[in-house]
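Trainee: This is the structure, below, for whatever I ask next.
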Amino acid sequence: MDARRDTLAMAIDLRLADLWAEIFDLGNGPIDHELLGWLLRAAYGQGYTDALREARRGQLCLDLGYRVPDRAA
């Protein structure tokens, strides 16, 4: 189970590489709450964007061996 979780984390981190770079570019100082909120919203929005760009619905899930969730009614 840990290998699947690690693979999922790596796939997500690659998609969020620009956000990770921005966090590390901020230096050694603490990240304030407003900035953290912005980064979380950006990551959430990036997920929606990535999902809309998939050639096939649920492609990330399929690639990683997860079940594609049913659409909400």
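Trainee: Residue by residue through region 11-42, note down the ones that are among the small types (Gly, Ala, Ser) and under 23 Å from GLY65 (Cβ atoms). Give the derivation first.
Mentor: So in region 11-42, the residues among the small types (Gly, Ala, Ser) come out as 11, 17, 21, 27, 29, 37, 42.
ALA11, ALA17 - these are the residues of region 11-42 that are among the small types (Gly, Ala, Ser) and under 23 Å from GLY65 (Cβ atoms).
Trainee: Scan region 42-55 for residues that are more than 11 Å from the chain's Cα centre (by Cα) and surrounded by 10 or more Cβ atoms within 10 Å (Cβ to Cβ) and report the count.
Mentor: Kept after step one, since they are more than 11 Å from the chain's Cα centre (by Cα), are these residues of region 42-55: 52-55.
Still in the list and also surrounded by 10 or more Cβ atoms within 10 Å (Cβ to Cβ): 54.
Going through region 42-55 one residue at a time, the tally reaches 1.
Trainee: Can you list residue pairs whose Cβ atoms sit under 8 Å apart, with the first residue in region 29-47 being under 18 Å from ALA11 (Cβ atoms) and the second being in a helix (DSSP H, G or I) and not charged (D, E, K, R)? Count only pairs 6 or more apart in sequence or on different chains.
Mentor: From residues that are under 18 Å from ALA11 (Cβ atoms), the pairs are ALA42/LEU19; ALA43/LEU19; GLN46/LEU19.
Trainee: State whether one or more residues within region 19-31 are at pLDDT 85 or above and acidic (Asp, Glu). Full working, then the answer.
Mentor: Of region 19-31, the ones at pLDDT 85 or above are none.
Checking region 19-31: not a single residue is at pLDDT 85 or above and acidic (Asp, Glu).
Trainee: Here's a follow-up. Only residues in region 1-27 that are at negative phi count as the first member; pair them with residues that are at pLDDT below 85 and outside any helix (DSSP H, G or I), Cβ under 8 angstrom, at least 6 apart or cross-chain, and list the lot.
Mentor: Listed pairs, sorted by first residue: ILE23/ILE31.
The values are calculated or read from the model by the stated rules, or taken from the named source; none is laboratory data. Quantities reported herein were computed from a predicted structural model and do not represent experimental measurements. With ideal geometry, Cβ positions are generated from the backbone for all residues, glycine too; neighbour counts draw on all protein chains shown.
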